[in-house]
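Written below as structure tokens is the structure these notes are about.
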Amino acid sequence: MPRAVRFDQYGGLEVLKVVEVERPIPGPGKVLVRVKAAGINPGEASIRKGLFAERWPSTFPSGQGSDLAGVVEEVGPGVTNVAVGDEVIGFTNERSSQAELVVVEAGNLVPRPANVSWEQAGALFVAGTTAYAAVRSVALDAGDTVVVSGAAGGVGSLAVQLARNVDARVIGLAGSANHKWLTEHGVIPIAYGDGVEERIRAACGGKVDAFIDTFGSGYVELALKLGVAKSRIDTIIDFAAAAKFGVKTEGNHEAANAEILAQLAGLLSAGRLEIPIAKVYAMDDVREAYRELEQRHTRGKIVLEP
Ligand SMILES: NC(=O)c1ccc[n+]([C@@H]2O[C@H](COP(=O)([O-])OP(=O)(O)OC[C@H]3O[C@@H](n4cnc5c(N)ncnc54)[C@H](OP(=O)(O)O)[C@@H]3O)[C@@H](O)[C@H]2O)c1
């Protein structure tokens, strides 16, 4: 029997387990994918802890995960865009990608370019589409200066590259261990913490045009202090500050489709985007994978391999 990540109640890492499940059957318009890699995301930890129980409740037993890359194992009736054996990148909205076999809507799959590693392919969806939406929302032009908080995290590491691709000047807030990576990717690294406002003012050449916040805890207020227009501030995490100050909250929801996923896969294939892979864990070590992620110091993405 195939194996999958499950949890039966809200809780800490200890509720996560890997169990044998019935082999899923792809219905009309659906595809069974044998998963090679599945990225993990902080939002999944919040769901598992019950922090979103009001807004997005879990039903138990719950699976976990949206991101995936793998090989088509079986297609359901009416599927024409993929065939058995195709290598694909995709996503599911059913919280089920962390599994050996997963059923996915055919329309949520795009081809995996041969030169994109399984790990990068499997980590692309949530972070990639979120970074895409965030960068699009602040409407960058060549020469604009944009600050990104959490600049080397899963979303931030992609957002800074997408911003550089339109020739924006990018200031990335990150811990010192990530400054070299940021510099190598054309980003001006700045340490967060006391004095960050002065450091940004010193580095920005007179003005900050846009701000992308992927960390929360006061960065929306900092962006306003720096004089950034509300229409050019996007936070993917601080919804209370967004409601209070009227800034944007565009993220995964605004770009979660196959067309944008294919565009991002194309950028990876062309070498215009790179997903740093912090670590690859066997699916059996799912607790350890989330333990690391929940420290909130990942560079790029952590990936599970079934
Ligand atoms: N709204 C949406 O659609 C959406 C989608 C995806 C994610 N999210 C949310 O967005 C957040 C980021 O996701 P992610 O996947 O990028 O997380 P992640 O990979 O865990 O990245 C966390 C980053 O935060 C940085 N960081 C830690 N302390 C910081 C501080 N005081 N100031 C600035 N940065 C700090 C870390 O940088 P250093 O290692 O350099 O310290 C790390 O790179 C999560 O809360 C997630 O739930 C929202």
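Among the residues of region 260-281, write down those that are within 18 Å of ALA37 (Cα to Cα), in contact with a helix residue (DSSP H, G or I) (Cβ under 9 Å, 6 or more places away or on another chain), open to solvent by less than 50 Å² (accessible area, probe 1.4 Å) and outside any loop (DSSP other than H, G, I, E, B).
Hits for region 260-281 are LEU261, LEU264, ALA265, LEU268, ALA278, TYR281.
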Quiz item: When you scan region 154-259 for helices (runs of 4 or more DSSP H) that lie fully inside it, which ones turn up with 2 or more residues that are modelled with pLDDT under 95 and out of contact with any Cys (no Cβ under 7 Å at 6 or more places or on another chain)?
Solution: none
Practice problem: Output the residues belonging to region 137-157 that are away from the ligand (no atom under 16 Å from the Cβ) and surrounded by fewer than 24 Cβ atoms within 10 Å (Cβ to Cβ). | Solution: ALA139, ASP141, ALA142, GLY143, ASP144, THR145
Exercise. Just give me the residues in region 161-181 being more than 11 Å from the ligand (Cβ to nearest atom), crowded, with 20+ Cβ neighbours inside 10 Å and touching a residue at least 60 places away in the same chain (Cβ under 8 Å), in sequence order.
Key: GLN161, LEU162
Quiz item: Do any residues in region 246-274 that are among the hydroxyl-bearing types (Ser, Thr, Tyr) have Cβ atoms under 8 Å from those of residues that are within 16 Å of the ligand (Cβ to nearest atom) and open to solvent by less than 20 Å² (accessible area, probe 1.4 Å), where the two are at least six apart or on different chains, and which pairs are they?
Solution: THR249/ASP234; THR249/THR235; THR249/ALA242
Quiz item: What number of residues in region 1-57 are more than 26 Å from GLY300 (Cβ to Cβ), open to solvent by 30 Å² or more (accessible area, probe 1.4 Å) and not charged (D, E, K, R)?
Solution: 9
Quiz prompt | Subset tally (residues that are open to solvent by 10 Å² or more (accessible area, probe 1.4 Å) and in a loop (DSSP other than H, G, I, E, B)) for region 80-136 | solution = 17
Practice problem: Report, ordered by the first and then the second residue, all pairs with beta carbons closer than 7 Å, sequence separation of six or more or different chains, a first member in region 284-296 that is in a helix (DSSP H, G or I), and a second member that is open to solvent by 60 Å² or more (accessible area, probe 1.4 Å). | Solution: GLU292/LYS279; LEU293/PRO42
Quiz item: Would a scan of region 182-205 turn up a residue that is in contact (Cβ under 8 Å) with a residue 60 or more places away in the chain, buried (at least 24 other Cβ atoms within 10 Å of the Cβ) and of a type outside the set (D, E, K, R)?
Solution: no
Practice problem: Answer yes or no as to whether GLY90 is within 29 Å of ILE237 (Cα to Cα) and either under 21 Å from the mean Cα position of the chain (by Cα) or polar (S, T, N, Q) (or both). | Solution: yes
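The values are calculated or read from the model by the stated rules, or taken from the named source; none is laboratory data. Nothing here was measured: the structure is a model prediction, and the numbers come from that model. Virtual Cβ from ideal backbone geometry, glycine too; neighbours counted across all protein chains shown. Heads up: the accessible areas ignore ligands, DNA and RNA and are worked out on the full protein's heavy atoms, side chains in. Shrake-Rupley method; radii C 1.70, N 1.55, O 1.52, S 1.80 Å.
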